[in-house]
Amino acid sequence: MNWQLKNIRHDFDVAEGDVGVTVRLGRKWANRCTGHIVGVDLWECDKPHEGPCPLVEKIREDGEVIAEVTHCKYRGKAKVIGVWYGELHRLPPALLALEHEKSSRTLDGLRKSLKRGYGREIGDDEEVTAVIYYRTEVAD
């Protein structure tokens, strides 16, 4: 079984066969991935959510389901090949250059993306995990 790597309101700007980096708040991904290669399914979600993708919301009227809205799109697969863990301002420039969202390849751009995903400002001293992955599949 693969882990799910979710992006909020942006796709993965990494071609099949290329290496990308995603930065996540805290050490959850560092704990998951240290010491072994982890397979991940890549998902683009239009809003943050707990639990597995796809998130399907049922629209009800008078107690009856009248529609279903899917909030996630499957974007492919990857293998996590490494992690870096530390304070945001210490993120190595070489990893920042591989950020999978092109607009996040500067610290200012990354801060904006993290705010969009986590719903708050992220300070330079906060601990983050850079997840380094090899993209093995791009979904249609």
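Among the numbered criteria (1) under 13 Å from the mean Cα position of the chain (by Cα); (2) of a type outside the set (D, E, K, R); (3) modelled with pLDDT under 95, which one does VAL128 miss?
With (1) under 13 Å from the mean Cα position of the chain (by Cα); (2) of a type outside the set (D, E, K, R); (3) modelled with pLDDT under 95 applied to VAL128, the lone miss is (3).
Only one of (1) modelled with pLDDT of 80 or more; (2) within 12 Å of the chain's Cα centre (by Cα); (3) part of a loop (DSSP other than H, G, I, E, B) fails for GLY51. Which number is that?
It fails just one condition, (2).
Got at least one residue in region 92-110 being free of Cβ contacts under 8 Å to residues at least 40 places away in the same chain, surrounded by fewer than 19 Cβ atoms within 10 Å (Cβ to Cβ), in contact with a Leu (Cβ under 8 Å, 6 or more places away or on another chain) and not in a loop (DSSP other than H, G, I, E, B)?
yes
Output yes when any residue across region 22-41 is among the polar types (S, T, N, Q) and assigned to a strand (DSSP E or B), and no when none is.
yes
For region 1-32, give me the residue count where each residue is hydrophobic (A, V, I, L, M, F, W, C) and more than 16 Å from ARG135 (Cα to Cα).
Residues in region 1-32 being hydrophobic (A, V, I, L, M, F, W, C) and more than 16 Å from ARG135 (Cα to Cα): 5 in total.
Let me confirm something: among VAL80, VAL138, which residue is over 18 Å from ARG9 (Cβ atoms), surrounded by 14 or more Cβ atoms within 10 Å (Cβ to Cβ) and over 13 Å from the mean Cα position of the chain (by Cα)?
After applying the criteria, what remains is VAL138.
Name every residue in region 112-140 that is of a type in the set (Ser, Thr, Tyr) and either assigned to a strand (DSSP E or B) or more than 16 Å from LEU95 (Cβ to Cβ) (or both), in order of residue number.
TYR118, THR129, TYR133, TYR134, THR136 - these are the residues of region 112-140 that are of a type in the set (Ser, Thr, Tyr) and either assigned to a strand (DSSP E or B) or more than 16 Å from LEU95 (Cβ to Cβ) (or both).
Sort out which residues of region 4-41 are without any contact (Cβ under 8 Å) to a residue 60 or more places away in the chain and within 13 Å of the chain's Cα centre (by Cα), and write them in order of number.
If the condition is that a residue be without any contact (Cβ under 8 Å) to a residue 60 or more places away in the chain and within 13 Å of the chain's Cα centre (by Cα), then GLN4, ASP41 are the ones that fit.
Name the residue that is nearest to ALA15 (Cα to Cα), counting only residues in region 60-77 that are of a type in the set (Gly, Ala, Ser) and free of Cβ contacts under 8 Å to residues at least 60 places away in the same chain.
Filtering region 60-77 for residues that are of a type in the set (Gly, Ala, Ser) and free of Cβ contacts under 8 Å to residues at least 60 places away in the same chain, the one nearest to ALA15 (Cα to Cα) comes out as ALA67.
Looking only at region 21-57, how many residues end up being within 11 Å of CYS72 (Cβ to Cβ) and either among the charged types (D, E, K, R) or crowded, with 18+ Cβ neighbours inside 10 Å (or both)?
10
Can you pull out every residue in region 1-21 that is part of a strand (DSSP E or B) and farther than 25 Å from GLU87 by Cβ?
GLN4
The values are calculated or read from the model by the stated rules, or taken from the named source; none is laboratory data. Predicted model only: the values in this text are computed from it and were never measured. Cβ: placed from backbone, ideal geometry, glycine included. Neighbour counts: every protein chain shown.
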